[in-house]
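Have a look at the structure below before the remarks.
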Amino acid sequence: MTVATIGLGIMANPANAAVKLCFNYYSTFTDAGIGEDYHTSSSASSRTARGLWVKVTQNGTTKFEDYTDLNGCTGSLSQLNTGSISYKAYASAKVSRGNKIWLNDDASGTRGYHSGTKTISSTGTTNITFTPSSNYRNQFDILAAASYAVYRNSGAKSDKLYRIRSNTTSSSGSHFKTSGHNGNPTVYMYSGHSNKKFVIVHEVGHMLTYFNKGGRWENDCGFKSTSCPAAAGAHSMASKENNSCAASEGFAHFYAAATYNNASQDDCKMHYYKNEFGNDSSPIVDCETSNGAFVTKYVENSCVGSPTGYSTELDYMRSFWDVLTDGTNNPCVNDIVTWGSNANWGKSNATTRLNSTASGTIGNKWPTARDNNGLN
Ligand SMILES: [Zn+2]
């Protein structure tokens with residue numbers, strides 16, 4: 001009799017508490033609250049610690065040492081007693097399909113952590129909410145954005161390791177490298193981007209396409225346009241680019257937008273960190289339709305010269321968003337990633353290669369999405 005057994009157990013050891021611990025931690029994203037649907041507060045907010053790595057000890061004995069589940073919870077820990085426990089959470093998480101996010105400081109190699117204590121007073125669920133220690137706050141901010149992105153859209157792959165180095169000393173700023181730290185695919189985050197969720201998830205998007213394809217999407221960003229120059233660096237949202245650059249960068253923007261916008265609605269907003277036109281230090285880009293200087297069919301409408309083989313990240317981002325959301329019976333983000341990988345384009349034939357591999361529901365939606373956004 002199950003009931004009798006439980007009753008006897010409680011009588012024999014009244015201090016024993018079958019407790020499930022559920023973790024949350026505070027993260028801050030200063031580029032939030034611009035009209036997107038998820039994680040919309042730009043103030044420090046407590047969010048579910050999905051898949052967070054945690055070690056729990058009591059009276060010097062390890063009681064749990066593993067990733068939590070996707071709700072940030074341990075299983076029921078019947079070996080815990082009421083009273084004080086200690087926990088140590090590390091800046092790592094395991095989310096959908098066993099994919100892991102792993103943070104290290106780029107200079108010291110340190111993986112950030114947060115230690116705390118909690119008093120367990122009863123059976124059932126005990127919630128533990130912490131503010132990561134200031135030394136590693138940036139790593140937990142990056143972890144919160146990256147783990148949420150891969151939790152929502154895994155790139156249709158399992159058991160991949162998303163290595164992210166915080167506070168990068170690289171002059172390239174935030175970027176993805178296929179053979180980064182110790183030759184492994186690595187995202188490097190510039191310290192000033194640690195609390196910019198759209199930038200973090202953009203870089204995660206590059207890594208996700210790499211894992212999906214088993215190699216980098218062709219990304220020749222070497223073209224320089226005089227009519228539509230890049231705002232900063234080699235490329236930007238509205239610079240005229242080889243369409244391989246526009247497609248891969250546009251996808252990374254789309255992945256960030258799709259992480260924070262509800263795909264069952266057409267409307268879509270993202271915060272772009274570059275000052276594209278020199279008159280706005282923090283542009284908000286509408287990923288569904290024309291807004292301000294971010295007009296639709298940008299290459300056709302705003303740049304000179306033949307558009308054949310060229311495009312902008314903006315036009316591609318909106319095309320992918322339209323494939324995801326326009327009409328009914330839509331594909332999912334992972335379908336779009338796999339389609340991009342299968343297209344396997346070169347420097348300037350991204351659109352024609354995407355044409356030839358668009359099938360099923362993507363094949364139904366792509367021509368309209370492509371033409372409405374002026375891709376060629
Ligand atoms: Zn990029």
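The values are calculated or read from the model by the stated rules, or taken from the named source; none is laboratory data. All values reported here derive from a predicted model rather than from experimental measurement. For neighbour counting, all protein chains shown are included, and Cβ atoms are generated from backbone atoms with ideal geometry for every residue, glycine included. SASA here: full protein model, heavy atoms, side chains in, ligands and nucleic acids out. Shrake-Rupley method; radii C 1.70, N 1.55, O 1.52, S 1.80 Å.
Worth pointing out:
- Filtered residue count, the stretch 234-285, keeping only those that are within 15 Å of the ligand (Cβ to nearest atom), closer than 25 Å to ASP37 by Cβ and more than 20 Å from the chain's Cα centre (by Cα): 2
- Test for THR312: is it among the hydroxyl-bearing types (Ser, Thr, Tyr) and closer than 18 Å to ALA257 by Cα: yes
- Those residues of the stretch 169-197 which are open to solvent by less than 50 Å² (accessible area, probe 1.4 Å), of a type in the set (Gly, Ala, Ser), in contact with a Ser or Thr (Cβ under 9 Å, 6 or more places away or on another chain) and away from the ligand (no atom under 12 Å from the Cβ), in sequence order: GLY180, GLY192, SER194
- Annotation note: Cβ proximity below 7 Å between a residue of the stretch 115-141 that is in contact (Cβ under 8 Å) with a residue 24 or more places away in the chain and a residue that is open to solvent by 40 Å² or more (accessible area, probe 1.4 Å) and assigned to a helix (DSSP H, G or I) (sequence gap 6+ or interchain) occurs for ASN138/SER191.
- Summed over the stretch 312-329, residues that are open to solvent by 50 Å² or more (accessible area, probe 1.4 Å) and touching a helix residue (DSSP H, G or I) at 6+ places or on another chain (Cβ under 6 Å) total 1.
- Whichever residue in the stretch 209-223 is touching a residue at least 40 places away in the same chain (Cβ under 8 Å) and within 12 Å of the ligand (Cβ to nearest atom) and, among such residues, is nearest to LYS100 (Cα to Cα): THR209
- Scanning the stretch 336-364 for residues that are in contact (Cβ under 8 Å) with a residue 40 or more places away in the chain and open to solvent by 30 Å² or more (accessible area, probe 1.4 Å) returns THR338, ASN344, LYS347, SER348, ASN349.
- Within the stretch 226-281, considering residues that are under 19 Å from LYS196 (Cβ atoms) and among the acidic types (Asp, Glu), the one most open to solvent (accessible area, probe 1.4 Å): ASP280
- Listed by position, the strands (runs of 3 or more DSSP E) contained in the stretch 10-94 that have at least 1 residues being open to solvent by 30 Å² or more (accessible area, probe 1.4 Å), within 20 Å of ARG152 (Cα to Cα) and among the charged types (D, E, K, R) are 83-94.
- Candidates are the residues of the stretch 85-122 that are of a type in the set (Val, Ile, Thr) and touching a Lys or Arg at 6+ places or on another chain (Cβ under 9 Å); the one that is nearest to LEU161 (Cα to Cα) is ILE101.
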